[in-house]
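The values are calculated or read from the model by the stated rules, or taken from the named source; none is laboratory data. Since the model is a prediction, treat every value here as computed from it, not as a measurement. Glycine also receives a Cβ, built like all others from the backbone with ideal geometry; neighbour counts cover every protein chain displayed.
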Number of protein chains: 2
Amino acid sequence: MKHLGRHVLAEICGCEFNILNDIKKVEELMVNAALSAGAEVRECVFHKFSPQGVSGVVVISESHLAIHTWPELGYAAVDVFTCGEKVNPWDACNYLSDHFCAKHMIAKELKRGMMPESYLKEAVNI
Amino acid sequence: MKHLGRHVLAEICGCEFNILNDIKKVEELMVNAALSAGAEVRECVFHKFSPQGVSGVVVISESHLAIHTWPELGYAAVDVFTCGEKVNPWDACNYLSDHFCAKHMIAKELKRGMMPESYLKEAVNI
């Protein structure tokens, strides 16, 4: 069995309120996290909630990065899905943890699209 | 311990090629999946790959739905993240599985933002 993609779900805790509540900063860091991991950015969409919190997604050629922040808890829920060998989703998560000035990150990786290797020969774009 | 959100990762298999390769159809079904689960749609972004495949995200007030399709494999990787009690992420996954004419779906739910209940009293917007 082989997989089509890697999906890392990261709980990033103890982050700075002012970073997690700044939509422009969160978007900038998410795009830079994608680029720093070697991804190609395709589309971005970010939304600011009232009174606080940001949600957003960066669609990359290799899949996506998504974030939801709770500035009042210093918490960001991040997930990074990548396909192919070029991009390491952990690089993007570590970049975000560093730039959110997080105290700690707990993350796990799940394999997506587990299929017999012979079947995956049909796949393009991976 | 209580959680801030529920994150369902769904492997949707045996889907129709023509649905998974049609960006307009995939976007329409993703938005309707969100609405059918009772979510409030905020932003959408979808991208069509060459020669085939679609990636896209629907940002909802309650978090997000994301999809990546491999039409040539009949496979869609879906994840649905929801906060609060109002929206059930499984409703959105089941909607998509039905409307992609899938042969089967394998999905798992992960809790996001697990924290002591006393700590979550600080949270807004949940």
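Quick one: is A:Glu40 within 14 Å of chain B (Cβ to nearest Cβ) and under 24 Å from B:Ala10 (Cβ atoms)? Give the derivation first.
Details: within 14 Å of chain B (Cβ to nearest Cβ): yes; under 24 Å from B:Ala10 (Cβ atoms): no.
Spelling it out, it is not the case that A:Glu40 is within 14 Å of chain B (Cβ to nearest Cβ) and under 24 Å from B:Ala10 (Cβ atoms).
Looking at the range A:14-31, can you tell me whether even one residue there is under 11 Å from the mean Cα position of the chain (by Cα), closer than 21 Å to B:Gly113 by Cα and assigned to a helix (DSSP H, G or I)?
yes
Say whether the condition of being in contact with a His (Cβ under 7 Å, 6 or more places away or on another chain) and either closer than 17 Å to B:His68 by Cα or small (Gly, Ala, Ser) (or both) is met by at least one residue in the range B:111-119.
Yes, the conditions are met somewhere in the range B:111-119.
Return the residues of the range B:14-39 that are buried (at least 19 other Cβ atoms within 10 Å of the Cβ) and either in contact with a His (Cβ under 6 Å, 6 or more places away or on another chain) or of a type in the set (Gly, Ala, Ser) (or both); say none if nothing qualifies.
Result: B:Leu29, B:Ala33, B:Ala34, B:Ala37, B:Ala39.
Can you tell me which residue in the range B:102-115 is modelled with the lowest pLDDT, limited to those that are hydrophobic (A, V, I, L, M, F, W, C) and either within 30 Å of A:Gly14 (Cβ to Cβ) or in contact with a Gly (Cβ under 6 Å, 6 or more places away or on another chain) (or both)?
At the first step, the residues of the range B:102-115 found to be hydrophobic (A, V, I, L, M, F, W, C) are B:102, B:105-107, B:110, B:114-115.
Now restrict to residues that are either within 30 Å of A:Gly14 (Cβ to Cβ) or in contact with a Gly (Cβ under 6 Å, 6 or more places away or on another chain) (or both): B:102, B:110, B:114-115.
Numbers: B:Ala102: 97, B:Leu110: 97, B:Met114: 91, B:Met115: 84.
Checking each candidate, the answer is B:Met115.
Can you find even one residue in the range A:44-59 that is within 20 Å of B:Leu110 (Cα to Cα), among the aliphatic types (A, V, I, L, M) and within 15 Å of the chain's Cα centre (by Cα)?
Looking through the range A:44-59, at least one residue is within 20 Å of B:Leu110 (Cα to Cα), among the aliphatic types (A, V, I, L, M) and within 15 Å of the chain's Cα centre (by Cα).
Against the condition out of contact with any Gly (no Cβ under 9 Å at 6 or more places or on another chain), modelled with pLDDT of 95 or more and more than 29 Å from A:Ile12 (Cβ to Cβ), how does B:Leu73 come out, does it pass?
Criteria not met by B:Leu73.
Kindly provide the set of residues from the range B:1-13 that are surrounded by 17 or more Cβ atoms within 10 Å (Cβ to Cβ) and among the basic types (Lys, Arg), ordered by number.
Hit for the range B:1-13 is B:Arg6, nothing else.
Among the residues of the range B:6-16, is any charged (D, E, K, R), touching a helix residue (DSSP H, G or I) at 6+ places or on another chain (Cβ under 9 Å) and within 18 Å of B:Ala102 (Cα to Cα)?
Yes, the range B:6-16 has at least one match.
Identify, by number, the condition in (1) within 8 Å of another protein chain (Cβ to nearest Cβ); (2) closer than 28 Å to B:Arg42 by Cα that A:Met114 doesn't meet.
(2)
Output the qualifying pairs, or none if there are none: Cβ atoms under 9 angstrom, residues six or more apart or on different chains, first residue in the range B:1-18 and closer than 30 Å to B:Lys121 by Cα and within 12 Å of chain A (Cβ to nearest Cβ), second residue among the polar types (S, T, N, Q) and surrounded by fewer than 20 Cβ atoms within 10 Å (Cβ to Cβ).
Close Cβ pairs satisfying both conditions: B:Arg6/B:Asn88.
Return a yes/no flag: does the range B:85-101 have any residue that is of a type outside the set (D, E, K, R) and within 30 Å of A:Gly14 (Cβ to Cβ).
Within the range B:85-101, one or more residues are of a type outside the set (D, E, K, R) and within 30 Å of A:Gly14 (Cβ to Cβ).
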